[in-house]
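Read-outs: derived from the displayed coordinates by stated rules, not from any lab. From a predicted model like this one, the values you see are computed outputs, not experimental measurements. Cβ: placed from backbone, ideal geometry, glycine included. Neighbour counts: every protein chain shown.
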Amino acid sequence: MTPPPNAAAAAPADERLAHVGFLARIFKRPDMGALIGALAVFLLFAWTARQVNWAGDAGVWASWLNTAAYDGIVAVPVALLMIGGEFDLSAGVMIGSSGLLLGILTTKAHWNMWPAVAVVMLFGLGIGLLNGVTVVKTKLPSFIVTLGTFFMLRGLNAGGTIKITGGVSINDIDQAPGFNLAHKLFASLVWPAKGLSVSVVWWLGLTAVGAWLLSRTRFGNWIFGAGGDPTAARNVGVPVARTKVALFVMTSMVAAAWGIMTATNLRGMQSNEGVGREFEFIIAAVVGGCLLTGGYGSVIGTAFGAAIIGMAQIGIISSGWDSNWVYFFEGVVLLAAVMLNTAIKRRAERAR
Amino acid sequence: MSAPATAPHLLELAHVSKYFGNVVALRDVSLHVDASQVTCILGDNGAGKSTLIKILSGVHKHDGGSLRVEGKDVEFVSPRDARAYGIATVYQDLAMVPLMSIWRNFFLGEEPTRGRRPFRRFDIAKAKRISREQIGEMGVDVRDPDQPVGTLSGGERQAVAIARAVHFGARVLILDEPTSALGVKQAGVVLRYIVRAAERGVGVIFITHNPHHAFPVGDHFVLLNRGKVIGDHAKGEVTREQLVQEMAGGAELEVLTHELEDVVES
């Protein structure tokens, strides 16, 4: 927002924007709220977890950054999808499905790691297409469609694992040829002394790519348009359906990639892996300034949102509190963020 | 009306009819639009204005008569066809996304790019500069192209929509009730944009139910009632009172008189 007009406006009698204060101008950016929130959470734990030297110990930083990367990587496409006006509740369970598929291909079919990785990514593509095309063709809310996919995959993960292994997990993925290179790329430590995982690098890299895609490309403009007002966007020639399908595919494929990385890291996969994570991705995106109704949001803000979740999960334990309080904390952060976002949206849509 | 034998009009409808089942929406409607002229189509609710717009913009196909662009018979199967002939429609909802900034809206679906794949990107500096210039041509000073369209006044949003249509090569601009949702002052501002678009060489079709808005800007007035043309006047052949009279016809005159008083008062 700008200060009141000082130049002579050529159109007389048009109402111009009123003066807005410093705070209001700061909050105009969708990611500022998340940045301030992240700083506040950091300072909170710097006090409550001072006995572990929360603020000063690089090892503590590494542990919450690793945790943040877990949610942050998949939260990038989830945020883009939300800005595009849709949800994907199957993004969490996809992590489990992909890891299990990788495990079956490498340990039961004895494939080399890399063809297995390629097939798992294709599987992600397929599920993304299924979600996206179903939503676009049926015009049903994506919340319902992907809830269906979520439960189908959840059942498939558990049932399939029992049928194939007789248990609830697939192990010994590290026996597969090609595993060592995969482990180096996906699950090694970039700073072994402090325990900083390579996944943090992937997270920050993906965030940069996502932010660039959203704010600097045609596709990014279409995402805003498709989420903000699909009818208007279609009227001016935006391929709204294709944009949405592409976002669903990106979400499922990133979830599949994260499934591969998790399976590589753990050298195995539990059949319930990823279930419940879909909400954390959504929390990260909403805390990051993405509107649930679409059309507005930020990938960088989403990274701050993921950082808040990472800090909460580590900080609550580091403060000596019971880990169940993490959920409570995340709930409070989510509610606060939604209220802030709604206020921002009202501001943006004011004076119609 | 005018014979097509003389200099061809930019856009012309000759004896066009449209039926929806047994309902006659338009019957034997003839009108024409020329470059740099404002053709006002006046009619009350149900007069057939919306059907007419939809035929001109390619949403509906006409059932009888012919549609000509520069004297050539054409047939629009989709809005895309109409747009290919340079016929742009600015709807009441304006086809703009309120949460998006002015420059993002201006180029939505037509984004200029720079660089090569895979690093091809939205040329944001160009988008900001052109949108500012083009909206400036309409007489609106955009101080901050980053401002969300939702924060603009109704009149300013019309200016953005019109400027966008003109920038993307509209030769005929169809404005569907651009003043109906606006206050008196804002409506005056939009009327100025209409004149300005015509000055830039565009043939404007201004659809309205308000003769007071049409009279000062129109070069040509076509009155529709119950799907038929009940009057066709060039500027100077008709007074404001005659337009009001012709449009209202008795019972509704009193309501319109009140509306007239409102306009005069402010």
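Against the main long axis of the alpha-carbon atoms of chain A, helix A:32-48 sits at an angle near 60°. How much of the DSSP bridge set in chain B is antiparallel, in percent, rounded to the nearest 5? Expressed as a percentage, antiparallel bridges in chain B total about 55.
A Cβ-based charge dipole, computed about the Cα centre of the range A:213-310 with Lys and Arg at +1 and Asp and Glu at -1, lands at about 340 debye. Computed across the range B:1-155, the Kirkwood hydrodynamic radius from all distinct Cα-Cα pairs reaches 18.3 Å.
Fewest Cβ neighbours within 10 Å first, please rank A:I162, B:I205 accordingly. Provide the component values of the computation, followed by the final result.
Values: A:I162 12, B:I205 26.
Taking fewest neighbouring Cβ atoms as first place, the list is A:I162, B:I205.
Shown here for the range B:1-93: trypsin sites (Lys or Arg not before Pro) in loop regions (DSSP other than H, G, I, E, B) with at most 12 other Cβ atoms within 10 Å, of which there are none.
Sorted ascending by nearby beta carbons within 10 Å, beginning with the fewest, A:C290, B:C40 become B:C40, A:C290.
Note: the protein assembly as shown, Cα convex hull, 190 Å³ per residue. Each label point was placed 7 Å from the Cα along the Cα-to-Cβ direction; for B:H15 and B:E241 their separation is 3.8 nm. Counting Lys +1, Arg +1, Asp -1, Glu -1, what net charge surrounds B:L11 among other residues with beta carbon under 10 Å of its beta carbon? So the surrounding residues net to -1. If you take every DSSP beta bridge whose two residues both sit in the protein assembly as shown, what share of them, in percent to the nearest 5, is antiparallel? Close to 60 percent. Helical runs assigned H by DSSP (4 residues or longer) give chain A a calculated mean residue ellipticity at 222 nm of -23000 deg cm²/dmol, each run adding -39500 (n - 2.57) before division by the residue total.
Taking 0.36 nm per residue of sequence separation and removing the Cα-Cα distance, the A:V168/A:M152 pair yields an extension gain of 4.1 nm.
Counting other beta carbons within 10 Å of each Cβ, put B:S50, A:S97 in order, fewest first.
Values: B:S50 17, A:S97 29.
Sorted ascending by nearby Cβ count, the order is B:S50, A:S97.
Local charge sum around B:I55 (other residues, Cβ-Cβ under 9 Å, Lys/Arg +1, Asp/Glu -1)?
Numbers: positive: B:K18, B:K54, B:K61; negative: none.
That sum, taken over residues with Cβ under 9 Å, equals +3.
Summarised as an ellipsoid, the range A:32-346 has semi-axes of 29, 28, 17 Å, derived from the eigenvalues of the Cα gyration tensor scaled by 5 and square-rooted, with the largest first. Projecting label points 7 angstrom from Cα along Cα→Cβ for B:D146 and B:R120 puts them 2.8 nm apart. Result for chain B in a Gaussian network model with C-alpha springs under 10 Å: among B:V238, B:V59, B:V190, the largest mean-square fluctuation is at B:V238. For chain B, the longest principal axis of the Cα atoms and the long axis of helix B:154-167 meet at an angle of about 80 degrees. The range B:139-158 and the range A:94-165 have Cα centres lying 46 Å from one another. Normalised by the number of residues in the range A:32-346, the average gap of Cα pairs under 8 Å and 6 or more apart makes the relative contact order 37 percent.
Assuming 0.692 mPa s and 37 °C, estimate D for the range A:42-175 with Stokes-Einstein, Rh taken as the Kirkwood radius over Cα pairs, in µm²/s.
On the way: Rh = 17.4 Å.
Calculated translational D: 188 µm²/s.
Here the Gaussian network model covers chain A, with springs between Cα atoms less than 10 Å apart; of A:T107, A:T138, A:T264, A:T138 fluctuates the most.
Computed over chain B, the alpha-carbon pair-distance distribution with 5 angstrom bins reads 1, 6, 13, 16, 18, 16, 12, 9, 5, 2, 1, 0, 0, 0, each value a whole percent. Axis angle, to the nearest 10 degrees, between helix A:91-103 and the longest C-alpha principal axis of chain A: 30 degrees. Once the Cβ-Cβ distance of A:S323 and A:T231 is raised to the sixth power relative to R0 = 56 Å, the FRET efficiency obtained is 0.75. At q = 0.18, 0.20 Å⁻¹, what log₁₀ I(q)/I(0) does a Debye calculation on the Cα points of the range A:195-352 give, no solvent, two decimals? The computed values of log10 I(q)/I(0) come out as -1.29, -1.46. Between A:L44, A:L292, A:L35, the Gaussian network model of chain A with springs among Cα atoms under 10 angstrom shows the greatest mean-square fluctuation at A:L44.
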